[in-house]
Amino acid sequence: MERRNFLKQAIVTAAGSALLPGITKAGAFWEDTPLVIDGKGPGKGFTNLWTKTIGAGRASEGLRANWLEQLQFSKKHCGFEYARLHGIFHDDMFVIKNNNGTTVYNWQYVDEVYDKMLKSGVKPFVELSFFPKDISSGQSSQLWWKAHVTPPADFVKWTDLVTNFAKHIIEKFGIEEVSTWYFEVWNEPDQRAFWDGTKQQYFELYKASATALKAVSPRLRVGGPATGSFGADGKGVWIEEFLAYCATEKLPVDFVSTHPYPANAGQPRELDATSKDLLWLNGVVRKSPFPQAEIHCTEWNSSASVHDAMHDGLPVAAYIVKVNADSIGLVDSLAYTSFSDGYDETGAGDAFHGGVGLVNNFNIPKPSFHAYRMLHAMGDELLYNKDGIVVTRHKESKRLCAILYNLPAAIKSVPMGAAEALFSVGEDRAFNFKLSGTHPDARFNVEILDRDNGNALKAFKDAGSPESPAKDQAQTLQQMAMAVKEGQILASTTGILQVGMTLRSWDVVLIEEVK
């Protein structure tokens, strides 16, 4: 990536004895900097919630070469540990067939997908769904690929399926490996699109599934209810009832899962809706009969729509950073949906169609990708998180890392489908602070993500928004999408880094110590 002069947009100043290209020497102005962040101060250790899990679409998509390429690309740059797939038991995975009255299981496609994931350094966050046609009790199906969502009259066949599945993956991958996976029962049973049954029937499905898994090995981790929304009252649907049911039935709950999308009936909520939802969720779980249960938000995005122009643009990147930073310590994971636009819930789309992926179908990264790449650079001790400044420290190396973002406070949430209009919202914002406690003359890399850098959407539109970019067009857009504005700054001889920048609305900046 080409190094560019920061002074086109911002001033980044270091008071060191040596200055690098693109940097202006500090003046007396910096002596009066009011905010000082102590890089050696007591930090708050935390579990990294942003790279734990990533949404990965439908299981059969994992058989595609482009899916694997994008998974590996996302793993390399963003560090995702787990990936969650819909429909591991769906008909297009061919896991079950009736052979003259005898049930026969075939795990060939399941093995292929999981082999690809594990060889890429990504573990399965298993979603037990959907019903194979031979198990579903009705004709109700959803989405163009016809996910069977009607629960059977009894769960004998389902229990047998889950039992044989668990035995097989342990035999193939080993209990030491499989015991590190997660097994989530179903997907959004509170949504008619994914569950043509009652709440009580879902609870019975959970009972059958959890009992079957633990019978194979008590080391397998199971959880739910994987519900798909929070109510207008800020409470996660079914969460409290699910925990009460499991306590009454003496069922295991190794983790609690839900999907805190920041919208109700498609209408955006307040800017901090997600962090408020997660604060509520954390409180409920900690006060429940399962206070040690992990908390995994296995789907999340600025909206659940797979055709939301916001997903392709810059504003969502600042939103991602804010929500994740504000959710530190509340949950164990907040899984973005998804790493790829190949997630074809409603069919294929154009090159930029508002898909939920970090990367589009032509392998062009979006600003959301850079948000996760920058978050991946952060440490595991939180030093400061306020007013668009997040500073962390790596516990082992003591490296310091900061992210700055300008997310206009006037926006209640990142609105659906209004990307272009948002650029006129908000004002430029000056960031001015000192970071003390670093090494004398310490070197910091600086990256700026804005509407002109690390963002290929404008160039795509200038080229006429081709439905299917030619090979050379796609390559050029890929290069532009990766090219954030870069430079370096130095700390002073006394180990103080002085930073002064003006960010336009939605800009995101990474400042990372080099060792």
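Those strands (runs of 3 or more DSSP E) of segment 54-153 in which 3 or more residues are within 17 Å of the chain's Cα centre (by Cα) and of a type outside the set (Ser, Thr, Tyr) occupy 82-86, 123-128.
Leu213 fulfils the conditions (1) at pLDDT 95 or above; (2) surrounded by fewer than 19 Cβ atoms within 10 Å (Cβ to Cβ) except for a single criterion, (2). Looking only at residues of segment 154-206 that are polar (S, T, N, Q) and part of a helix (DSSP H, G or I), we find that the one that is farthest from Glu127 (Cα to Cα) is Gln200. Scan Ser327, Ser288, Ser303 and give me the residue that is farther than 28 Å from Lys458 by Cα and within 13 Å of the chain's Cα centre (by Cα). Unique residue meeting the criteria: Ser327.
Leu314 meets each of the listed conditions (1) of a type outside the set (Val, Ile, Thr); (2) more than 24 Å from Gln473 (Cβ to Cβ); (3) in contact (Cβ under 8 Å) with a residue 60 or more places away in the chain apart from (2).
In the condition set (1) surrounded by 16 or more Cβ atoms within 10 Å (Cβ to Cβ); (2) modelled with pLDDT of 95 or more; (3) under 21 Å from Gly500 (Cβ atoms), Asp452 is compliant with all but (2).
Applying the criterion of being polar (S, T, N, Q) and modelled with pLDDT of 95 or more to the residues of segment 79-126, the residue that is farthest from Tyr343 (Cα to Cα) is Asn106.
Of the residues examined, Val95 is not one that is surrounded by fewer than 15 Cβ atoms within 10 Å (Cβ to Cβ) and more than 24 Å from Val256 (Cα to Cα).
Within segment 268-292, if we keep just the residues that are among the charged types (D, E, K, R) and closer than 18 Å to Thr227 by Cβ, the residue that is surrounded by the most Cβ atoms within 10 Å (Cβ to Cβ) turns out to be Asp277.
Taking Thr150, is it in contact (Cβ under 8 Å) with a residue 24 or more places away in the chain, farther than 30 Å from Lys322 by Cβ, out of contact with any Cys (no Cβ under 9 Å at 6 or more places or on another chain) and in the same structural domain as Phe339 (by TED's automatic domain parsing)? The answer is yes for Thr150. Within segment 27-35, none of the residues are surrounded by 18 or more Cβ atoms within 10 Å (Cβ to Cβ) and at pLDDT 95 or above.
Beta carbons closer than 8 Å, at least 6 apart along the sequence or on distinct chains, pair a first residue in segment 108-119 that is in the same structural domain as Tyr82 (by TED's automatic domain parsing) with a second that is part of a helix (DSSP H, G or I) and of a type in the set (Asp, Glu) for Leu118/Glu177.
Condition first: of a type in the set (Val, Ile, Thr) and at pLDDT 95 or above. Can you find one or more residues in segment 415-427 that meet it? No, the conditions are met nowhere in segment 415-427. Within segment 378-395, the set of residues being assigned to a loop (DSSP other than H, G, I, E, B) and in contact with a Gly (Cβ under 9 Å, 6 or more places away or on another chain) comprises Gly379, Asp380, His394, Lys395. For segment 470-486, a residue qualifies if it is over 17 Å from Arg373 (Cβ atoms), surrounded by fewer than 23 Cβ atoms within 10 Å (Cβ to Cβ) and in contact (Cβ under 8 Å) with a residue 40 or more places away in the chain, and exactly one does: Ala474. The selection criterion, being among the hydroxyl-bearing types (Ser, Thr, Tyr) and under 17 Å from Gly87 (Cα atoms), does not hold for Ser217.
The values are calculated or read from the model by the stated rules, or taken from the named source; none is laboratory data. If you're wondering where the values come from, they're calculated on a predicted model, not measured in any experiment. Neighbour counts are summed over all protein chains in view; Cβ atoms, including those assigned to glycine, are modelled from backbone coordinates with ideal geometry.
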